[in-house]
Structures are given as C-alpha cells and as structure tokens.
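Everything below concerns the one structure shown next.
The values are calculated or read from the model by the stated rules, or taken from the named source; none is laboratory data. Treat the numbers as computed from the prediction; the structure is a model and nothing was measured. Cβ atoms come from the backbone with ideal geometry, glycine included; neighbour counts cover every protein chain shown.
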Amino acid sequence: MTSSPLTAEAPAPQTTPVRGRRRVRLRRYGRRDIPVLVVLLGIPVLLDLALIWATTVASIGLSFTSYNGVTAIKWVGLRNYEQIFTIYLPFWTAVRNNLLWLGVLGLVATPLGLFFAVLLDKQIRFTRVYQSIFYMPVVLSLAVVGFIAQLIYSRDYGVLNSLLGRGSHPIDWLGDSKINIWAVLVAAVWRHAGYVMILYLAGLKAVDPALKEAAVIDGANERQTFFRVVFPTLRPINIIVVVITVIEALRAFDIVYAINSGRNGLELLSVLVTANIVGEASRIGFGSAIAVILLATSIGFVIAYLTQIIREDRQ
Amino acid sequence: MSRSPADRPGGLPMTSRRSILRGALAGASAFAVPAALAACGKSDTGSGSGGSTNKNVTFGSNYSDDVPKKAIADVMAKMQSDKGYTVKVNTVDHNSFQENITRYLQGSPDDVFTWFAGFRMQYFAAQGLATPIDDVWQTIGANYSDAFKKASTGQDGKMYFVPFYNYPWALFYRKSVFEAKGYQIPKTIDEFKTLCAKIKTDGMVPIGFADKDGWPAFGTFDQLNMRMNGYDFHVALMAGKQSWTDPKVKNVFDLWAGLLPYHQPGSLGRTWQDAAQGLVSKQSAMYLLGSFVAQQFQPADLPDLDFFAFPEVDSQYGQDAVEAPIDGFMISHKAKNVAGAKELLKFLGSADAQNVYLKSDPSDVGANKQADASGYNAIQKKAATFIGEAKQISQFLDRDSNPTFASTVAIPAFQQFINSPGDIDSLLKNVDAQAKSIYAAGN
C-alpha cells in the first residue's frame, strides 16, 4: 500500500516535444498569462526569499552579535564562535553525537533498509504485512518514538531491564550518559531503516526484469546480479538515500528532545540551537552561531556529494 | 525507464532542506511565536456585562493544569462578583509560557501575567517589560512580610510583583517509616550522614533523587550552599557577583559528592514524579523537594507525610535560610488597562483571593499574612510556620539567577557532576568562565 503512490506518480521523462509545445502555448496566451505567471512564480519566489534566504542571512548576521531579544543588539565579532569552541561544553558532545548519528544511520540503518527492501521485493509470503511493520515507525513521529523508547528503556519500570532479568541491578539506559546515545540510536535506526526500505522498494519495483533475466542467462549468480546489475540501476535512489541520511542525521532533534530535552549525553546541535534561542534563555546571538555551524556543515555535506554526482554524470 | 521512481522521492530532500534551514534559522522565526502563543490561549472569559471599557482586564496565565486552572477561574469569578471587573483569562501551557516569555512580553501581552519572584522578575523589570506598581503595594503592603516585599522589589527599588502563594523546599519523609525504624530527625550534617548510613543498611534508599529534567538538583545545591556559606553568599553567587571557582563553592560540591552515595542511583533518567513514588511506596526514606511532592500522595496517605529543614552544616548559618519560591503576578509594560490591572493585582494580593485559590491546593501556602489558615492541611500549616520563621527566604537557583545561566550552563554542569563527581575543579572553572560571559553580556 505504502509503495503504490511512489510508483504511480512516476512522471514521464521530459522530452523535447513537450518543451516545444509549452513554448508555443506561452506565446499564444502571453498577454493574459503574464500576470498569472508573475503571481504563480512570484509568490513562491518571494516566500523563498523571505522565509529561507532572508532568515539565513539574518541568522548569519545575528551570530556575530549578543542579543537577548529585548535590549539593543551588540556586535561582538567572533566571540560567540570562540566561546562555543572553547568553553561551551555541550558543543563538542553534540558534534560527536551528530557524527555518530550520521555514521550509524549511514552504515547500519541504510544497509538494513536496503536489505529489507531486497527481501520484500522477492514477494515472500506476507510481504505487505512486513512492509507495514517496517514502515510503521516512519509514520510515527519521532516524539512518539521517544516516548516508546522511554517505556522500553526506563531504569525503574522499563521492559528491557525486566527482559534482561536485571531487576535488582537495572541498567540506566537513558540516564547513563555513556550508553544513552546508543539506546536512542537503536530507536533512530528502527525508524530510518523503514524510511530507506520504502525508497528502495519503490526503486526495485521499477528495475526492468529483463535486466535480471539477461544477467541470469549470462551466468551471474544472485549476488552478482544484485551488486553488478540491479544496484547500479538504483543509482538515482542511492543519491536520494545518501542525501536524506545526511540530512536526517544533522537535523535529528525530536527523539532526544522527547527523552530528556537533549541533555546529559544526548546533546545534538539542533537541540543546542533551540535551548539557546527558543527557551527562556534568549541567547539569540549565541544560538545563531551554533545554527550557522550546523548550516555550514549540512551545506558542506550536500554540496560535496552533489558536485561529485554531477561530475560523474558528465563523464 | 528506471529513472522514474527516483524523480518522485526527489521532492523529499527539498522539504528536508527547507526544514533544516528553518531549524537553523530558529532565531528569526522565533519572532513569529507571540502570535502563535496568543492564538494558543484559550479564552475562559466569565463573560457577562460589557460595562465600561476600564472594567475589562486581560490575564495571561500559566496555570495550565486542570486543578489550578479551575482555581484561577474561581478567583476571577470572585473578582467579577466582588468588584465588577471582567477578567479575560488566556491560559498557556506552563512550560511554553516560560519559554516564550520574552517574546510574549514584547508582542501583545495581556495586562496582567503570571510570573515568579526574585532575580527572574527583576531581569524582566530591568529591561522595561513590566509596569511598576508601588501604588498597589501601598494598599496591600501591610499584609506582607519584609521577605515577600524584598522578593517583589526590582533592582531600581520599585515594586513590580504581587505574591500569590509560595511553598517550601525541605526534606520530606513518612512519619510511619521513621517511627517504625526509630529514626530521629537529624539536626546537623553529621547526624544526617549517620542516619543515611543506617537507612542504607536497613535496605532503603536514604534520599530519593531525580534529575532528568535538570532542575531538581538545583534544590540540593541551594540547600547545601546556604547551609555551608550562608544566604548572602548564595544570593551573590546567583547574581553573578561571586566566582564559581571560589573555594567555598568547591567545598559545597565536595560535601555533595560525599552525600551522593546516599542518593537514589540512576537519577539522570528519572523524573521527580517517579522519585516521589519511591517515597510514597516507602522505598526511599527521605526526599529533598518542594512541598508539591504532596501532589503525588493519595489523600489517605497525606497525613503520614511530614518534613524537616535541611540539617545545619555551619553553626554560623544554622538553619536560618529557607528556600520558598514565590509565584505571583506582574503588569506588562504594554498593558492596555493599567488602572484595571492594578485593581486586579490589589484583589489578587488580598487574603480573599488567595483563600479561594488555596481551597483546591494541597501543598501551597498563601502569601498574604491574613490568608485563612483554617482550611490548611497539616503540611500547609507546618509550611506556613516554617516559612514564617525563616530569617532569609531564597527563591530557587533558576529564579535567583540569570535564566540563560540556569538553563544552558547550570543544568549540564550539575548533571555532569552527578555523573562523575570526581572532576569538580575543571567543571567549576568552566562554569565560572561561562557565567562571567553570560552575566557580562547582560543576557
């Protein structure tokens, strides 16, 4: 069920005749359509400028200031950055956690999702049931996932400690700052694998069966068929999955926020931005500086990957 | 051919990218919050007579739980019947109200709003976000002790705040447990340690403890610091006038580290409600918390609950200081009906209004001296005496200090201390560096 919209909406590849037709139409209805086009294009462009570009620039500007939301904005140069890197303890924990998040999503959750997709694509019995089960955590908001995680991991009444028979010496899965990030990552992987699975499932459904048949005729075994023939044709999906994984890892927020407001070992950059800006603290300049660091990192990842892809495409 | 399915999910990163930018730009978008905040507010208007415009007052409330919300509605109904004022109550979730207070006060705030006494009140008053109410105090002042008056005074010496009720922090215990085991109330820190050791050998948790939310450990620090270094040093430290690297502060953490083995383990994954359940179920013998711990007791168990002051550490300071945070009201600087708002504050500062509110409350104590104590339960009666006899009253770490410092520095630092109590020096050095920067920036 969940995969049907993905395959159903597959748009036809744009070809030259289509573009040509549109140009003709444009010329024919030019006069009357110009205001419509201006409105239809102008509003999104304005919104884009106002909500994305203006706020980005504002954030970058604010990151060099000290501002509490009330009294005048004071220019402080690089002081916020200097303090973040030197005395703001949660920052480096957050950086480490974000990298850990990226590593685990990329190296565990994503291959797991691909594995599920390949299995389910084989039309084993109850495929739809498994598919729904794996996909369910994606539908649940991470805040709900966080709540479920508490029921499982709680030291005092959690299911996990009872299952492990540690009633008298319970492990503090969420309170111990050395292990809580791993406990949370399990929940995050559970969710991300379902997400990746559904993307790959859609991709696999569209792989031309003739390719596989040809591979089999040429004497490839199942493994070779998958890695040499099927996987390369999934390349567009792979790009999306990588980008999504990076973005998910950098914007991770709600699950740790639901568990303990992202403190005590569960710090993430996004949480630190919120804690400094949105809370009563109103340390807007300082929080903006963390936001800019997060922005630079995410853009760095995305640009690096996309340029590589584009370069490969050209070759 | 196989490209097509990729095009559809191709839309996904777009949305994600936007969200990430939006996240990154919380700074700018945060300004949009007041509108949402105002929209969230539910109207509890008592309706009725339109009357002249100056008989209408708006009231921003963070009393969002069912019981206090109803109690506030009752208070406002009495305002309507006694004085003929119609009060429009906008209730916002307690935590959201606190988090959005700066933007709320700069947007279109209500005439009167709920807030806390101490530095946290002074902070907003100093930024010109509140209206001084010295004339209100001329009416109600006689019914308040000096400690309350002091807690309601801004840094400029003007009055900004009307106290409504308060509640003490102390060591809570069950009488039946202490009787059954023959425990005596400890007067000094040595007696306290001996008692803790005995409780531990009896197979109970000596001191219930929870710090998942970060703030409950503030209560422990406040008690230790005031007992060890006195109220004046404590308040100066909170206000950024003393250094966190002072050996006096280190001594407090050393003492605390010695007591940590008697605290309930696994505190950083536990909420105060769960720790309170340990006291209810007699697994913990004592629990250092505000008297709101009583909310976790069934009415039948409530008479068994009792408390005592945190034991003396230094005889110079004895048990003089009591931590008793005051909740109350202020007038915003943008109030549309200042005269009406002042009338409302005069009423809220009266014993009449506080009596109505306290009917529904098992743990708080009316701030007005004349508040009717006949309806109090044993805890409330004892709390009223306890606070009344205090030589100094502190608020709470996050009310006595800069809100930025409390939430972004103190919470992580205290949690780190609880995790690894061994490394106090470098921790305090870091706290001091951050505190200096935050207090110097004035935000």
Report whether or not B:Tyr85 is of a type in the set (Phe, Trp, Tyr), over 20 Å from the mean Cα position of the chain (by Cα), away from every other protein chain (no Cβ under 14 Å) and buried (at least 17 other Cβ atoms within 10 Å of the Cβ).
yes
If B:Ile393 satisfies all but one of (1) in a helix (DSSP H, G or I); (2) touching a residue at least 12 places away in the same chain (Cβ under 8 Å); (3) more than 12 Å from every other protein chain (Cβ to nearest Cβ), what's the number of the condition it fails?
(1)
As an exercise: evaluate B:Ala335 against (1) of a type outside the set (Val, Ile, Thr); (2) away from every other protein chain (no Cβ under 14 Å); (3) touching a strand residue (DSSP E or B) at 6+ places or on another chain (Cβ under 6 Å) and give the number of the one condition it does not meet.
(3)
Residue count for the range B:135-148, restricted to those that are touching a residue at least 40 places away in the same chain (Cβ under 8 Å), in a helix (DSSP H, G or I) and touching a strand residue (DSSP E or B) at 6+ places or on another chain (Cβ under 8 Å):
4
For the range A:243-274, give me the residue count where each residue is buried (at least 24 other Cβ atoms within 10 Å of the Cβ), within 8 Å of chain B (Cβ to nearest Cβ) and within 19 Å of B:Ser96 (Cβ to Cβ).
4
Report, ordered by the first and then the second residue, all pairs with beta carbons closer than 9 Å, sequence separation of six or more or different chains, a first member in the range B:149-161 that is part of a loop (DSSP other than H, G, I, E, B), and a second member that is of a type in the set (D, E, K, R).
B:Lys158/B:Asp134
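Please pick out the residue among B:Asp202, B:Asp232, B:Asp211, B:Asp222 that is crowded, with 18+ Cβ neighbours inside 10 Å, more than 20 Å from B:Lys429 (Cα to Cα) and among the acidic types (Asp, Glu). Break it down stepwise before answering.
Numbers: B:Asp202 fails: crowded, with 18+ Cβ neighbours inside 10 Å; B:Asp232 fails: crowded, with 18+ Cβ neighbours inside 10 Å; B:Asp222 fails: more than 20 Å from B:Lys429 (Cα to Cα).
Criteria check complete, one pass: B:Asp211.
Tally the residues that are among the acidic types (Asp, Glu) and farther than 20 Å from B:Gln434 by Cα, restricting the search to the range A:42-94. So that I can check it myself, show each step before the final result.
At the first step, the residues of the range A:42-94 found to be among the acidic types (Asp, Glu) are A:48, A:82.
When the remaining residues are screened for being farther than 20 Å from B:Gln434 by Cα, the result is A:48.
Residues flagged as among the acidic types (Asp, Glu) and farther than 20 Å from B:Gln434 by Cα within the range A:42-94 amount to 1.
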Does the range B:345-353 contain at least one residue that is of a type in the set (Ser, Thr, Tyr), in contact with a strand residue (DSSP E or B) (Cβ under 9 Å, 6 or more places away or on another chain) and at pLDDT 90 or above?
no
Among the residues of the range B:151-198, what is the count of those that are crowded, with 18+ Cβ neighbours inside 10 Å and among the polar types (S, T, N, Q)?
3
So for the range B:413-421 (the condition being without any contact (Cβ under 8 Å) to a residue 24 or more places away in the chain and either buried (at least 23 other Cβ atoms within 10 Å of the Cβ) or farther than 27 Å from B:Ile326 by Cβ (or both)), does at least one residue qualify?
yes
Within the range B:87-144, how many residues turn out to be among the basic types (Lys, Arg) and in contact with a Gly (Cβ under 8 Å, 6 or more places away or on another chain)?
1
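Only helices (runs of 4 or more DSSP H) wholly contained in the range B:175-247 count here; list those with 3 or more residues that are under 17 Å from the mean Cα position of the chain (by Cα). Can you show your working first?
Working: elements: B:175-181, B:189-201, B:216-238.
Output list reads B:216-238.
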Among the residues of the range B:367-376, are any in contact with a Lys or Arg (Cβ under 9 Å, 6 or more places away or on another chain), surrounded by fewer than 19 Cβ atoms within 10 Å (Cβ to Cβ) and on the phi < 0 side of the Ramachandran plot?
yes
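If you check A:Phe227 against the conditions, is it surrounded by fewer than 24 Cβ atoms within 10 Å (Cβ to Cβ) and among the hydrophobic types (A, V, I, L, M, F, W, C)? Talk me through it step by step, then tell me what you get.
Numbers: surrounded by fewer than 24 Cβ atoms within 10 Å (Cβ to Cβ): yes; among the hydrophobic types (A, V, I, L, M, F, W, C): yes.
The answer is yes for A:Phe227.
Which of the helices (runs of 4 or more DSSP H) found entirely inside the range A:143-220 contain at least 3 residues meeting this: among the β-branched types (Val, Ile, Thr) and within 13 Å of chain B (Cβ to nearest Cβ)? Steps first, please.
Working: elements: A:159-163, A:180-205, A:209-217.
Where helices (runs of 4 or more DSSP H) fall fully within the range A:143-220 and carry at least 3 residues being among the β-branched types (Val, Ile, Thr) and within 13 Å of chain B (Cβ to nearest Cβ), they are A:180-205.
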Every listed condition ((1) touching a Leu at 6+ places or on another chain (Cβ under 8 Å); (2) within 14 Å of chain A (Cβ to nearest Cβ)) holds for B:Asp423 save (1)
Lone unmet requirement of (1) surrounded by fewer than 21 Cβ atoms within 10 Å (Cβ to Cβ); (2) under 19 Å from the mean Cα position of the chain (by Cα); (3) modelled with pLDDT of 90 or more; (4) not polar (S, T, N, Q) for B:Asp66
(3)
Scan the range A:276-309 for residues that are part of a helix (DSSP H, G or I), polar (S, T, N, Q) and facing chain B (nearest Cβ under 7 Å) and jot them down.
A:Asn276, A:Ser288, A:Ser298
Mind checking which pairs have a first residue in the range B:96-109 that is outside the structural domain of B:Leu129 (by TED's automatic domain parsing) and a second that is assigned to a loop (DSSP other than H, G, I, E, B) and modelled with pLDDT under 90, Cβ under 7 Å, 6 or more apart or different chains?
none
Would you mind finding the one in B:Ala441, B:Ala384, B:Ala413 that is over 24 Å from A:Asp176 (Cβ atoms), among the aliphatic types (A, V, I, L, M) and facing chain A (nearest Cβ under 10 Å)?
B:Ala441
What are the residues in the range B:299-318 that are free of Cβ contacts under 8 Å to residues at least 12 places away in the same chain and polar (S, T, N, Q), if any?
B:Ser315
Please determine whether any residue of the range A:65-73 is in contact with a Gly (Cβ under 6 Å, 6 or more places away or on another chain) and within 8 Å of chain B (Cβ to nearest Cβ).
yes
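If I filter the range B:126-153 down to residues being among the small types (Gly, Ala, Ser) and under 18 Å from the mean Cα position of the chain (by Cα), which single residue comes out as modelled with the highest pLDDT? Walk me through how you get there before you give the answer.
Here is the first cut: in the range B:126-153, the residues among the small types (Gly, Ala, Ser) are B:126, B:128, B:130, B:141-142, B:145, B:147, B:151-152.
This time we only want the ones that are under 18 Å from the mean Cα position of the chain (by Cα), so: B:147, B:151-152.
Working: B:Ala147: 83, B:Ala151: 88, B:Ser152: 92.
Per the stated criteria, the residue is B:Ser152.
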